[in-house]
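Taking it in order: structure first as structure tokens, then the write-up.
The values are calculated or read from the model by the stated rules, or taken from the named source; none is laboratory data. Keep in mind that this is a model prediction, so the values were computed, not measured. Note that each Cβ is placed from the backbone with ideal geometry, even for glycine, and that neighbours are counted across all protein chains shown.
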Amino acid sequence: MESLFLLIPISLLLIGLLAWIFYWSVKAGQFDDLEGPGEAILMDDDTPKSKNVSEHSHK
Amino acid sequence: MAIAQTIHGEGLEVFYARRAQSSDKPAAYLASNEIPESLVPYDDPSLLGRYTRPSGEEGNLETTLRLEKIRCAACVWLCEQHLRRIPGVKDVQINYVSQKVKVDFSPEQTSLARLLFEVERIGYEAWPFEPSLSIEKSKKERRQLLTRLGVAMLGMMQIMMYAWPSYIGDSDITAEYDLLLGWTSWVLTVPVMVYSAGPIFQAAWRSVASFRQTHMLGMDVPIALALALAFFAGTVNLATGSGQGYFDSITMFVAFILAARYVELLARQDAQGGAEALAKQLPATCERVPNYPSSQQVEIVPVVNCNPGEVLRISPGDIVPADGVLIEYESALDESLLTGESKPIDKKIGDRVYAGTHNILNPLLMRIDAVGQSTRIAGIASLLDQALQAKPLMVSLAEKWAGYFVGFLLLSAFLSSAIWMYVDSSRAWTVLVSVLVASCPCALSLAVPTAMAAAQGAVTKLGLLIVRGHVLEGLVKATDLVLDKTGTLTMGQPELKEVVIARSEFSRADALSLAASMEAGQKHPLALSLLRAAEADNLSLATLSNPITNQLGRGLSSGVYRLGSATWVGAQKIAQEGQYGQVHLADDKGLIASFIFLDTPRAGLETLLAAAKSRKIAVHLVSGDDPATVAWWAHEVGINSFQGACSPEDKYHYIERLQKEGHFVWAIGDGINDAPLLARADISIAVGAGAPLATAGADAILTASSLAPLAKSLLLADKTQLIIKENLIWALVYNLLAIPAAMMGWVNPWVAGIGMSLSSLAVTLNAWRLRKA
């Protein structure tokens with residue numbers, strides 16, 4: 001039980017850290033657009049370039 | 001092709017696989033690398049200073065662009081990738097929701113005009129966006145409330161954890177640990193009280209301070225009082241080591257209230273942003289003729305630098321940037337933005353032309369007599385502002401009653417506490433806090449907003465975006481529905497209805513292809529409709545041997561062929577009411593064919609009218625169109641009261657008159673000319689892609705192109721009303737039971753807190769049912 005005297009102040013520190021992280025993320029605009037970044041991942045520019053698209057077809 | 005080359009040149013072909021819809025508008029100049037003249041003035045210091053801000057180090061500039069014609073996520077992706085590849089662009093951030101893009105660029109390597117041009121090159125449009133103060137403010141407000149909510153939530157979770165031993169009544173816990181947990185909770189409660197609940201205390205204080213004028217107390221007063229008293233009592237109990245701390249209740253209470261307020265704030269801020277709309281209506285640059293009449297050389301300048309007396313040249317397809325008088329070249333202008341009249345108006349020399357109207361036929365010269373705030377379009381905007389301020393506020397009635405309730409509450413809390421002081425002074429304090437907590441008008445204050453939020457979510461899915469909260473409430477009370485014709489009842493787009501062939505040697509296809517080839521390149525709505533019809537029939541355009549000349553007010557001619565009005569062509573006008581217009585095609589041997597156009601009614605109109613009829617809502621049709629057309633349409637769809645040739649002011653007065661007779665008016669419109677009408681009505685809905693200014697004044701925006709969602713929203717409004725009633729009754733019953741119980745001292749504060757939370761939860765869950773509707 002004595003460990004509580006250590007653990008509870010630690011939990012306070014953790015809460016302080018969480019609050020700071022939350023404050024930072026709100027300030028940095030992380031909550032401004034909740035949909036875009038999710039879609040942006042799917043649209044990442046990582047597909048190998050196909051060189052001859054234009055020769056084949058323009059539907 | 002130009003767009004395709006640009007896309008391919010950068011290896012962005014993936015776009016074709018990702019886009020949902022194909023785009024239009026390939027323009028020849030897009031292929032070249034030259035910035036078109038119309039965009040160059042954006043680099044003029046007067047405009048550059050307006051639209052850019054210095055950003056960070058090295059003299060970089062930051063600008064916000066509003067993207068147009070974005071239809072899917074792939075479009076956004078393409079814009080972002082393309083902008084990033086421009087040399088000199090440091091950073092690009094696109095917000096998917098608001099379709100705004102923030103670009104950091106180095107002015108030495110690139111320019112604002114270049115950015116705008118590059119967006120145009122890939123088939124979209126961008127216009128620099130002057131960030132208004134209100135938008136910055138609402139963003140700040142949102143972020144602040146979110147931070148407050150986050151702090152309260154964190155505090156709540158942690159304090160609940162510390163309070164766990166006292167919940168389960170674990171006897172293992174000894175006094176020193178109790179003290180440790182208590183003080184830790186206290187430490188966490190302080191930021192929640194000071195930071196998260198700060199605005200509640202401020203609002204409560206303002207409400208108390210202005211009590212002399214208003215004679216009403218806001219909802220925040222008992223909340224603040226309960227919080228302050230509970231915190232004070234908790235601290236005293238903690239210091240003396242007896243009784244309970246109310247810290248868990250306090251933080252939970254604050255977190256719940258802020259969560260509800262955050263949801264409310266989001267709903268309110270959604271779809272706002274009308275202030276930016278007016279800027280979009282008028283072009284930022286124009287073609288000035290500085291040496292008129294000696295030379296007609298034009299220079300492109302920002303509109304803000306133009307003054308009355310100067311001469312402007314307006315090309316066909318351009319928007320007139322200022323009010324003035326036509327001084328050379330007759331033309332036709334589309335004034336639908338101002339008057340609602342959907343057909344282009346012929347303008348002769350000496351006629352007035354207005355800012356915001358669209359030049360259709362010929363390049364014209366005009367002399368400015370008003371720019372900026374003194375134009376007619378700005379006048380309409382200010383009329384709108386006035387009407388918005390005078391908007392009847394039903395909400396205030398609810399607030400008034402809540403105010404009385406709060407007063408009664410405070411009185412009864414202190415009264416019962418005073419009585420207990422007399423009977424048993426040791427319990428007076430507990431009773432005071434219990435009454436305040438138990439009776440906290442939480443359920444009562446949640447009853448309406450939660451139902452509204454849930455219903456709003458449901459109607460948003462249907463395609464109706466609610467901007468102001470009273471729409472659903474108002475739909476139930478509506479007695480009269482006022483519709484605008486062009487753009488609301490009808491799509492405002494002529495469709496080729498019928499081709500009447502006069503000579504048998506011509507088939508429908510021949511006549512149509514001949515007419516379409518004459519109209520190719522024209523911007524008149526009828527011409528566009530003819531071209532669409534020809535395209536729909538897969539007709540190839542006939543090649544004309546002679547050049548096409550445009551005879552103003554009469555039609556087009558090419559060699560022996562003439563296409564235009566009945567009198568000019570020498571044809572009998574075909575009598576058909578309600579038509580949008582007709583054109584006739586003839587050659588030297590006489591009439592070949594007549595084309596009859598009809599406006600297309602908006603989808604879902606019948607459903608809406610049927611729903612209105614079943615609820616005994618009287619439907620009115622007011623329009624700027626000519627009375628005969630309005631009458632025909634009213635008859636066609638079964639509307640009994642109608643009025644044609646209305647100016648925006650007439651529409652305003654029409655509604656005012658109805659309201660004076662005690663009717664509750666619901667209005668649907670689309671154009672800027674409807675903006676005063678929408679603002680005046682008790683509830684107003686702007687239809688879809690209407691003018692931004694109209695949407696600014698509306699209480700709700702119909703994003704679907706069909707009117708059918710409105711009929712469903714009517715049903716939903718009924719259901720919402722029912723749920724609100726249930727919620728209010730439930731909250732009332734709870735308060736009637738809990739307050740006397742708390743007064744009698746049967747309820748201690750934590751039971752009261754649980755009761756309060758449960759009643760709020762019940763109200764919220766009841767409201768949640770609306771989402772499935």
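I'm trying to understand the selection: among the residues of the range B:321-335, which are of a type outside the set (Phe, Trp, Tyr) and closer than 16 Å to residue B:350 by Cβ?
B:323, B:324, B:325, B:326, B:327, B:328, B:330, B:331, B:332, B:333
Consider residue B:163 carefully, then state whether it is within 30 Å of residue A:1 (Cβ to Cβ), modelled with pLDDT under 85 and surrounded by fewer than 19 Cβ atoms within 10 Å (Cβ to Cβ).
Against the criterion (within 30 Å of residue A:1 (Cβ to Cβ), modelled with pLDDT under 85 and surrounded by fewer than 19 Cβ atoms within 10 Å (Cβ to Cβ)), residue B:163 does not qualify.
Can you tell which of B:239, B:224 is more than 16 Å from residue B:185 (Cα to Cα), at pLDDT 80 or above and assigned to a helix (DSSP H, G or I)?
B:224
For residue B:186, all conditions in the list (1) away from chain A (no Cβ under 11 Å); (2) within 34 Å of the chain's Cα centre (by Cα) hold save one; what is the number of the exception?
(2)
So which of B:258, B:265 ends up being at pLDDT 75 or above, of a type outside the set (Phe, Trp, Tyr) and either crowded, with 19+ Cβ neighbours inside 10 Å or under 16 Å from residue B:141 (Cβ atoms) (or both)?
Going through B:258, B:265 in turn, the sole match is B:258.
Output the number of the condition that residue B:532 fails; it satisfies all remaining conditions of (1) surrounded by 16 or more Cβ atoms within 10 Å (Cβ to Cβ); (2) part of a helix (DSSP H, G or I); (3) at pLDDT 80 or above.
(1) is the only condition that residue B:532 fails.
Tell me, yes or no, whether the range B:381-393 has at least one residue that is surrounded by fewer than 20 Cβ atoms within 10 Å (Cβ to Cβ) and at pLDDT 70 or above.
Scanning the range B:381-393 turns up no residue that is surrounded by fewer than 20 Cβ atoms within 10 Å (Cβ to Cβ) and at pLDDT 70 or above.
Could you tell me whether any residue of the range B:487-503 is crowded, with 21+ Cβ neighbours inside 10 Å and among the hydroxyl-bearing types (Ser, Thr, Tyr)?
Within the range B:487-503, one or more residues are crowded, with 21+ Cβ neighbours inside 10 Å and among the hydroxyl-bearing types (Ser, Thr, Tyr).
Would you be able to tell me the number of residues in the range B:642-663 that are surrounded by fewer than 19 Cβ atoms within 10 Å (Cβ to Cβ) and over 23 Å from residue B:598 (Cβ atoms)?
11
How many residues are over 22 Å from residue B:44 (Cα atoms) and either more than 10 Å from chain A (Cβ to nearest Cβ) or part of a strand (DSSP E or B) (or both) when one looks only at the range B:74-118?
Total meeting the criteria: 11.
Residue B:185: of a type in the set (S, T, N, Q) and either at pLDDT below 75 or surrounded by 17 or more Cβ atoms within 10 Å (Cβ to Cβ) (or both), yes or no?
So residue B:185 fits the description; yes.
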